[in-house]
Amino acid sequence: MSLTLYNSAARAKAPFQPLDPGRVRVYMCGPTVYDRIHIGNGRAFCAFDLLVRVLRHHYGANGVTYVRNITDVDDKISSRAAERGTDISVLTAETIAVLHADLAALNLLVPDVEPRATAHIPEMIAMIETLIAKGHAYVEQGHALFDVPSFSDYGALSRRSLDDMIAGARVEVAPYKRDPMDFVLWKPSDDTQPGWPSPWGRGRPGWHIECSAMAKRHLGESFDIHGGGIDLQFPHHENERAQSMCAHDGHSFAQVWFHNGFLTVDAEKMSKSLGNFMTVEAARENMPGEAVRYALLMAHYRQPADWSDDIAAEARTHLDRWYRLTDGIEAGEIDRAVLAALDDDLNTPRAFTELHRLAGEASSGSGTAAASLKASAQLMGFLGQQAEVWFRWMPKGRTIDPAWVEDRIQARRKARADKDYAQADLVRKELADAGVILEDGPQGTTWRVSQ
């Protein structure tokens, strides 16, 4: 079965056909680094990461070029730095460091290219100049703006009415705009704002032009897949598409648009005002990042998904079982049913069902099933560490000295050798009270941290 993907632009699933089978090119909109990413962002990252893993399975590790940008110049960044009384470069450096730690904990692949907006200002200026020369942009009062009415296909991606687009874009009323829908490509900067010299004066880029310029630089005028959360479909992706196609004489830009659905928390929309806003950093303080990833992939990526403590606990329980069943076993062949589910527009609910089937067969003694479980789970970004490391993970603020644990295990072993079973039981209880669970097996006694 070939890989089939849902294209948000066409509103339909279709077999994926890369422009160049020898080099599949994909771009994901990365974060604006003024704050920690929340678990809704984490869902988008995990969904796109799974897509890249499946693509690399089909086209080879070197057959996929994966670009995920970082927006490190934006008015939100400037405002947050001013609030904290710190330099913008300090804020972005700290935020990027936490971002990378979050993404590593979620077991995300490192992109082939992680371009930063500030390193691509010349490309942005060049694209704006092209748009002006072609009659798709204009300059007023130090601003360069995209002329939306000049692009007749505007709105084709999001398929919104003009009124909906105006409302959705939160259109700024400005005297320098020819049309309410026109959006900023370049804007002037004062002495307190980051800025670069340009033909229109010292200024900074608008958000949308950043991704268009970075995508062109690293993937070309047309590429295969562009992704992000459904909230980016309009206005960000709509505007990217418009300015890129106009700058490139109608070249199609992205062939497939990949958008994931919203994430709720305990069935309520996640928002700071409701107090249910959770960062990935906070989530992984209480559970392993791999379990966070599992919870974020449980629902189909295009459907709304919910996050709750129960869902997170369920995810960890399943991974505990998989790690036990595959400990010390080499990965085997990827299960055909798991791959078929992933090839069907990343149908993770069906893929998880097949993984649980394999786990059941492995628990009945099938070594082949256990090996296949390991390979198939690893394709989805799971079972990426040693079982011993997994079971000894501890939440933030909790510490257990491994040397003390080993000392108590030795004391228990001696008590059992002396047939002092009451003392051995006391040692086991002492460890259990400290959050350590002992497991006796053919290879001896191992231990893990209780949840």
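The values are calculated or read from the model by the stated rules, or taken from the named source; none is laboratory data. None of the values given here were measured: they were computed from a predicted structure. Cβ: placed from backbone, ideal geometry, glycine included. Neighbour counts: every protein chain shown. Each accessible area value is taken on the protein alone, full model and side chains, heavy atoms only, with ligands, DNA and RNA left out. Shrake-Rupley method; radii C 1.70, N 1.55, O 1.52, S 1.80 Å.
Observations on the model:
- The long axis of helix 367-379 is offset from the longest Cα principal axis of the chain by roughly 30 degrees.
- 0 to 90° range, to nearest 10: angle between helix 421-433 axis and the chain longest Cα axis: 10
- Cβ charges +1 (Lys, Arg) and -1 (Asp, Glu), total dipole of region 249-335, debye: 260
- Basic side chains Lys and Arg get +1 at the Cβ, acidic Asp and Glu get -1 at the Cβ, and with that the dipole of the chain about its Cα centre reaches some 520 debye.
- Compared with the dominant principal axis of the Cα atoms in the chain, helix 39-59 is inclined by about 90°.
- With every protein chain in place and a 1.4 angstrom probe, the accessible-area ranking of W207, W200, largest first, reads W207, W200.
- Summing charges over all other residues whose Cβ lies under 15 Å from the Cβ of S308, with Lys and Arg as +1 and Asp and Glu as -1, gives -3.
- To the nearest 10, the accessible area of K76 is 110 Å² with a 1.4 Å probe.
- Local electrostatic count, A337, Cβ distance below 14 Å [Lys/Arg +1, Asp/Glu -1]: -3
- Simple spin-label estimate for Q451 and S89 in nanometres, 7 Å along Cα-Cβ: 4.6
- Taking all protein chains together, Y421, Y6 sort by accessible area into Y421, Y6, largest first [probe 1.4 Å].
- Helix-only arithmetic for the chain: the sum of -39500 (n - 2.57) across DSSP H runs with n ≥ 4, divided by the residue total, places the mean residue ellipticity at 222 nm at -13500 deg cm²/dmol.
- With the simple spin-label model, which puts each label point 7 Å out from Cα in the Cβ direction, the H100 to A119 separation comes to 1.1 nm.
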